[in-house]
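Written below as structure tokens is the structure these notes are about.
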Amino acid sequence: MKKKYLFLLSLIGAVTISACSATETKEQSAPSITEETKSVDEEAAADEETAENTEDSSAKEEISSEAEDAEQTTENIETTKETEESTEEGTQKLSEDDDFAAEARERAAKEAGSSIEDARYCLSDDFDGDGETEAFVFVGSEVDDEWSSCDGDIWYVTRDKCENVRNGSFYAYDEGVFRVFDTGSKKFIAFSDVYATAAPTNLYYVENGEPKESIVSGIGSFFVPDYIDGYCINLDSYDNLGHYENGEESFVGHTWKNYYFYYDETLGDFKEYVGHDITEDELNAACNMDLTGEIRSEGYEIDSMFKRDNGIYQVNYSVRTDNEDGSYDVEYGNATYNAGAGEFIKVWDPEKSDWKSSDYGGTILKSITE
């Protein structure tokens, strides 16, 4: 079944919620890094969420508002701008080695049993600094303008080899399917799969002439945030509203939450800023306010609190509603404070930096890699 990503043409790539809206691209020696967006077509997302609520017959009135909540969420998912270079039509390049780019396209097309016209995008460079040029080539269909995606294969090409790396449906930016994240020590080649509600980023690097997959590849949408140093992976979940009945639980309410990463020189890959449990006093002192007191005054219970080593402080809270039939519903929320900036992150309104506006919805995990 063809995977399709229900995002608007200009609204995908790396994913940044309003907390990272207006995300700025970091300067690179290679084409500037682009950030992913995960803005979903609002009408399509609303239809999808409504259908999911219909299937979940156990959800009560609070939970059945899933479609409305999802639509509000997507309205606040911002677009970022793709800025990679394109030196010739249909070809993405990092080097001036035009001859090898052309050769790589021809060889990939031949291996795929396709014509040269189907080798639509090529990204070439000496990715591992060994003096030899390598290339990643997409061979496949034209871009489907309605879905902003194309179906085909990603090939890795060197002077000595041509091998298939991945096949499927990939998001097509204005310049092509590839992006590059240059850490200064290593270049990571990125291309995004296309699904209905998420855009997991495949991340590869080259080592000793071989393509290697990053340990964080495929987890979620990888991008560079503008509000804090480092990198983010945006992960989607259905965890905003829970329904509990007869010892069973079900969840609805689509959320997208940012998790924080840095490039580890020793590891040679990206590593997560894992959350560490803290006390209420530590949280309130970091935020310079009685945050937990304000949250409780709104009728919520405090569920968990933790700090990440990049200065991000987070708290999860919830409110329970009991139903006449003995079941109950729980709405989950969270707040994120950026100690480095001295303010709550802006998820919904770029003009507001209060704890309520920093709520992604659902429950933030201490780690998505451990």
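The values are calculated or read from the model by the stated rules, or taken from the named source; none is laboratory data. The structure displayed is predicted, hence computed values, not measured ones. Virtual Cβ from ideal backbone geometry, glycine too; neighbours counted across all protein chains shown. The accessibility values were calculated without ligands, DNA or RNA, using every heavy atom of the protein model including side chains. Shrake-Rupley method; radii C 1.70, N 1.55, O 1.52, S 1.80 Å.
Ile278 contributes an accessible area of around 30 Å² to the protein surface, as traced by a 1.4 Å probe with all chains present.
When all protein chains stay in place and ligands, DNA and RNA are ignored, the 1.4 Å accessible-area order of Lys307, Lys187, Lys352, largest first, is Lys352, Lys307, Lys187. Neighbours of Asn284 by Cβ distance under 14 Å: Lys/Arg scored +1, Asp/Glu scored -1, total -3.
If you add up the charges near Gly333, with Lys and Arg at +1 and Asp and Glu at -1, over every other residue whose beta carbon is less than 9 angstrom from its beta carbon, what do you get? Here the charged neighbours net out to -1. Of the solvent-accessible surface of region 314-370, computed with a 1.4 Å probe over protein heavy atoms with every protein chain present, carbon and sulfur atoms account for 43 percent. The Cβ shell under 14 Å around Asp153 holds other residues with a net charge of 0, Lys and Arg each +1, Asp and Glu each -1.
On the beta carbon distance between Asp126 and Ala341, with R0 = 45 Å, the FRET formula returns roughly 0.75. Residues Glu298, Glu324, Glu134, Glu103, ordered by accessible area of protein heavy atoms at a 1.4 angstrom probe radius and largest first, appear as Glu324, Glu298, Glu103, Glu134.
Residues whose amide H lies under 5 Å from that of Ala199, counting only those 5 or more places away or on a different chain, are Ser221; hydrogens are built 1.01 Å from N in the peptide plane.
Annotation: Asp128 carries an accessible surface of approximately 40 Å², with a 1.4 Å probe and no ligand, DNA or RNA atoms counted. Across the accessible surface of region 94-184, with the other protein chains kept in place and a 1.4 Å probe, carbon and sulfur atoms take up 36 percent.
With a 1.4 Å probe rolled over the protein heavy atoms of all chains, the accessible area of Ser297, Ser149 falls in the order Ser297, Ser149, largest first. Computed with a 1.4 Å probe over protein heavy atoms only, the accessible area of Leu241 comes to about 10 Å².
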